[in-house]
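Asks: Structure in structure tokens, see below.
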Amino acid sequence: MPENEVVILRIGHRPERDQRVTTHVGLTARALGAKGMYLAASDKGVVESIADVVNRWGGDFFCEDNVKWRSCIREWKQDGGSVVHLTMYGLNLPDSIEEARTREKILVVVGAEKVPGEIYGLADFNVAVTSQPHSEISSLALFLDHLYAGKEMTREFPGARIRIVPSKLGKRTEEL
């Protein structure tokens, strides 16, 4: 898999409403090659759910809550990283992915409720994953798949205690 270090910044999370979706943002990020997720809200349930998956299924994905999004973006950029904001108002994904691939460190901003307008100016790339409303989970999945050109599909997860055994019919797992 390419050497891009990708971390997600989840903003706009409402614990009373978005716990399942935000957990799925983290799980999608983990499965498709990201290193971790910063959560700009307080939600230990999301952190614990993701940690449980990492414990059983392997890898070294982290999830940290109570992150201040402005500070996170500022520090990321000061450390030489680039910021990609997934939206439906930016440049089309196919038109911007090659330049994104050249960046070693990418912070992907994934919004929930209305994204503050300031994000559009702070991002190095505002990437449109279609120009229609749809799920932030699907936006993240498509961005990561395009970024890694499908190589994330065969990724190994060190430290896994369980894994899927590919099977044409049925469900097979194996304890490690």
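Asks: Name the residue, out of Ser82, Ser139, that is within 17 Å of Leu27 (Cα to Cα), of a type in the set (S, T, N, Q), out of contact with any Ser or Thr (no Cβ under 6 Å at 6 or more places or on another chain) and touching a residue at least 24 places away in the same chain (Cβ under 8 Å). Let's see the steps before the verdict.
Replies: Details: Ser82 fails: within 17 Å of Leu27 (Cα to Cα).
So the residue among Ser82, Ser139 that is within 17 Å of Leu27 (Cα to Cα), of a type in the set (S, T, N, Q), out of contact with any Ser or Thr (no Cβ under 6 Å at 6 or more places or on another chain) and touching a residue at least 24 places away in the same chain (Cβ under 8 Å) is Ser139.
Asks: Could you list, in sequence order, all residues of the range 120-135 that are in a loop (DSSP other than H, G, I, E, B) and either touching a Pro at 6+ places or on another chain (Cβ under 6 Å) or within 11 Å of Met88 (Cα to Cα) (or both)?
Replies: Matches in the range 120-135: Val129, Thr130, Ser131, Gln132, Pro133, His134, Ser135.
Asks: Further, regarding this structure: In the range 1-40, what count of residues is obtained for those that are outside any helix (DSSP H, G or I) and within 10 Å of the chain's Cα centre (by Cα)?
Replies: 12
Asks: Looking at Asp43, Asp60, which is the one that is over 19 Å from Arg163 (Cα atoms) and out of contact with any strand residue (DSSP E or B) (no Cβ under 7 Å at 6 or more places or on another chain)?
Replies: Going through Asp43, Asp60 in turn, just one is over 19 Å from Arg163 (Cα atoms) and out of contact with any strand residue (DSSP E or B) (no Cβ under 7 Å at 6 or more places or on another chain): Asp43.
Asks: Identify the single condition in (1) farther than 23 Å from Val21 by Cα; (2) in contact with a strand residue (DSSP E or B) (Cβ under 8 Å, 6 or more places away or on another chain) that Thr102 does not satisfy, given that it satisfies every other one.
Replies: Going through the list (1) farther than 23 Å from Val21 by Cα; (2) in contact with a strand residue (DSSP E or B) (Cβ under 8 Å, 6 or more places away or on another chain), Thr102 breaks only (2).
Asks: Would you check which residues across the range 3-17 are modelled with pLDDT of 95 or more and closer than 16 Å to Ser49 by Cβ and list them?
Replies: Passing the criteria: Ile8, Arg10.
Asks: Which of the numbered conditions does Lys151 fail, given that it passes all the others? Conditions: (1) at pLDDT 95 or above; (2) under 19 Å from Glu5 (Cβ atoms); (3) of a type outside the set (Gly, Ala, Ser).
Replies: Result: Lys151 fails condition (1) only.
Asks: Would you tally the residues in the range 51-109 being of a type in the set (Ser, Thr, Tyr), closer than 22 Å to Ser131 by Cα and within 16 Å of the chain's Cα centre (by Cα)?
Replies: Residues meeting the conditions: 1.
Asks: Same structure, new question: Which of the residues that make up the range 25-60 are among the aromatic types (Phe, Trp, Tyr) and either in contact with a helix residue (DSSP H, G or I) (Cβ under 7 Å, 6 or more places away or on another chain) or over 18 Å from Gly159 (Cα atoms) (or both)?
Replies: Tyr38
Asks: Here's a follow-up. Tell me which residues, restricted to the range 1-13, are touching a strand residue (DSSP E or B) at 6+ places or on another chain (Cβ under 8 Å) and either of a type outside the set (Asp, Glu) or crowded, with 20+ Cβ neighbours inside 10 Å (or both). Spell out how you get there, then give the answer.
Replies: First pass over the range 1-13, keeping only residues touching a strand residue (DSSP E or B) at 6+ places or on another chain (Cβ under 8 Å): 4-11, 13.
Scanning the range 1-13 gives Asn4, Val6, Val7, Ile8, Leu9, Arg10, Ile11, His13.
Asks: Name the residue that is nearest to Val21 (Cα to Cα), counting only residues in the range 120-135 that are among the hydrophobic types (A, V, I, L, M, F, W, C) and in contact with a Phe, Trp or Tyr (Cβ under 8 Å, 6 or more places away or on another chain). Outline the logic, then answer.
Replies: First pass over the range 120-135, keeping only residues among the hydrophobic types (A, V, I, L, M, F, W, C): 122-123, 125, 127-129.
In the following step, the residues that additionally are in contact with a Phe, Trp or Tyr (Cβ under 8 Å, 6 or more places away or on another chain) were identified as 127-129.
Numbers: Val127: 20, Ala128: 20, Val129: 18 Å.
Taking the candidates together, the pick is Val129.
Asks: Do we have Glu16 as surrounded by fewer than 18 Cβ atoms within 10 Å (Cβ to Cβ) and in contact with a Lys or Arg (Cβ under 7 Å, 6 or more places away or on another chain) here?
Replies: no
Asks: Criterion first (touching a residue at least 24 places away in the same chain (Cβ under 8 Å), more than 30 Å from Arg14 (Cα to Cα) and part of a loop (DSSP other than H, G, I, E, B)) does Ala160 satisfy it?
Replies: Yes, satisfied.
The values are calculated or read from the model by the stated rules, or taken from the named source; none is laboratory data. Computed from a prediction, not measured in an experiment: that's the story for all the values here. Cβ: placed from backbone, ideal geometry, glycine included. Neighbour counts: every protein chain shown.
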